[in-house]
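As structure tokens, the structure follows; a few thoughts come after it.
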Amino acid sequence: MTLEQVKVIKLPKFLDKRGNLSFIEEENHIPFKIQRTYWIYDVPGGEARGGHAYKENEEFIVALSGSFDVILDDGKEKKTFSLNRSYYGLYVPKGLWRQMENFSTNSLALILASTPYNPSDYIYDYSTFKNMKL
Ligand code: TYD
């Protein structure tokens, strides 16, 4: 996949005096069926997450609280997406190298994934990633 398939998606947002509400529907706001949800929190200052690619898994990443950066790389170019609003998310197709960093204090990253957890879907070696046609 290339960085052109990456999408920043604005989610519905209902504002009223009681506060805000946003939501996500599979195959509507995001282009896949959700098979797994996980979240990353209590990240110590300066730590990075990710640093790998998936062969099949697609993801949608939302900064539910605070902010962080997602760095995506298709083997040719790299792009940094700063997430800091709970009504925007980043669609990450399969086959991209991804890293998450610059987590603010108390940030909360919600990740919706298209596949169940499968360790053999991960590519941890950058040169293997570069040499694979994903
Ligand atoms: P890891 O994939 O290394 O996290 P990140 O990509 O954010 O750096 O996952 C950390 C640990 O959690 C690892 O031991 C595998 C486990 N894990 C699951 O069991 N299920 C999951 O859905 C995920 C994402 C991770």
Checking the structure you have, find out if any residue of region 18-37 is closer than 23 Å to T105 by Cα, within 15 Å of the chain's Cα centre (by Cα) and touching a residue at least 24 places away in the same chain (Cβ under 8 Å). yes
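In the list S127, S114, S104, S67, which residue meets the criterion of being of a type in the set (G, A, S) and touching a Gly at 6+ places or on another chain (Cβ under 7 Å)? Talk me through it step by step, then tell me what you get.
Working: S127 fails: touching a Gly at 6+ places or on another chain (Cβ under 7 Å); S114 fails: touching a Gly at 6+ places or on another chain (Cβ under 7 Å); S67 fails: touching a Gly at 6+ places or on another chain (Cβ under 7 Å).
Every option except S104 fails the conditions.
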Checking K10 against (1) open to solvent by less than 90 Å² (accessible area, probe 1.4 Å); (2) in contact (Cβ under 8 Å) with a residue 40 or more places away in the chain; (3) away from the ligand (no atom under 16 Å from the Cβ), only one condition comes out false. Which one? (1)
Can you tell me which condition T128 does not meet? The list is (1) outside any strand (DSSP E or B); (2) closer than 22 Å to E4 by Cα; (3) within 16 Å of the ligand (Cβ to nearest atom); (4) open to solvent by 10 Å² or more (accessible area, probe 1.4 Å), and all the others hold. (3)
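Can you find, within region 24-40, the residue that is most open to solvent (accessible area, probe 1.4 Å) among those that are within 11 Å of the ligand (Cβ to nearest atom) and in a strand (DSSP E or B)?
First pass over region 24-40, keeping only residues within 11 Å of the ligand (Cβ to nearest atom): 35-40.
Cutting the leftovers down to in a strand (DSSP E or B) gives us 36-40.
Details: R36: 42, T37: 63, Y38: 51, W39: 140, I40: 19 Å².
The selected residue is W39.
Given K78, K133, K94, which one is over 14 Å from the mean Cα position of the chain (by Cα) and modelled with pLDDT of 95 or more? Give the derivation first.
Numbers: K133 fails: modelled with pLDDT of 95 or more; K94 fails: over 14 Å from the mean Cα position of the chain (by Cα).
Checking each option against the conditions leaves just K78.
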Give all pairs with beta carbons closer than 8 Å in which a residue from region 91-109 that is more than 10 Å from V70 (Cα to Cα) and without any contact (Cβ under 8 Å) to a residue 40 or more places away in the chain meets a residue that is surrounded by fewer than 17 Cβ atoms within 10 Å (Cβ to Cβ) and among the small types (G, A, S); count only pairs at least 6 apart in sequence or on separate chains. S104/S67
Can you work out which of the residues in region 41-52 that are within 13 Å of D69 (Cα to Cα) and among the charged types (D, E, K, R) is farthest from the ligand (Cβ to nearest atom)? E47
For region 41-52, does any single residue satisfy the condition of being open to solvent by less than 60 Å² (accessible area, probe 1.4 Å), part of a loop (DSSP other than H, G, I, E, B) and out of contact with any His (no Cβ under 7 Å at 6 or more places or on another chain)? yes
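What number of residues within region 98-122 are part of a strand (DSSP E or B) and either surrounded by fewer than 16 Cβ atoms within 10 Å (Cβ to Cβ) or hydroxyl-bearing (S, T, Y) (or both)? Spell out how you get there, then give the answer.
Of region 98-122, the ones part of a strand (DSSP E or B) are 98-101, 108-113, 122.
Next, from what is left, pick out any that are either surrounded by fewer than 16 Cβ atoms within 10 Å (Cβ to Cβ) or hydroxyl-bearing (S, T, Y) (or both): 122.
Matching residues across region 98-122 total 1.
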Across (1) under 24 Å from S120 (Cβ atoms); (2) part of a helix (DSSP H, G or I), G75 clears everything bar (2)
Give region 56-84 a look and list any residue that's open to solvent by 10 Å² or more (accessible area, probe 1.4 Å) and within 14 Å of the ligand (Cβ to nearest atom), or say none. E56, E58, D69, I71
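The values are calculated or read from the model by the stated rules, or taken from the named source; none is laboratory data. Keep in mind that what you see is a predicted model, and the values were worked out from it rather than measured. Glycine also receives a Cβ, built like all others from the backbone with ideal geometry; neighbour counts cover every protein chain displayed. We work out accessible area using only protein heavy atoms, side chains counted, and drop any ligands, DNA or RNA first. Shrake-Rupley method; radii C 1.70, N 1.55, O 1.52, S 1.80 Å.
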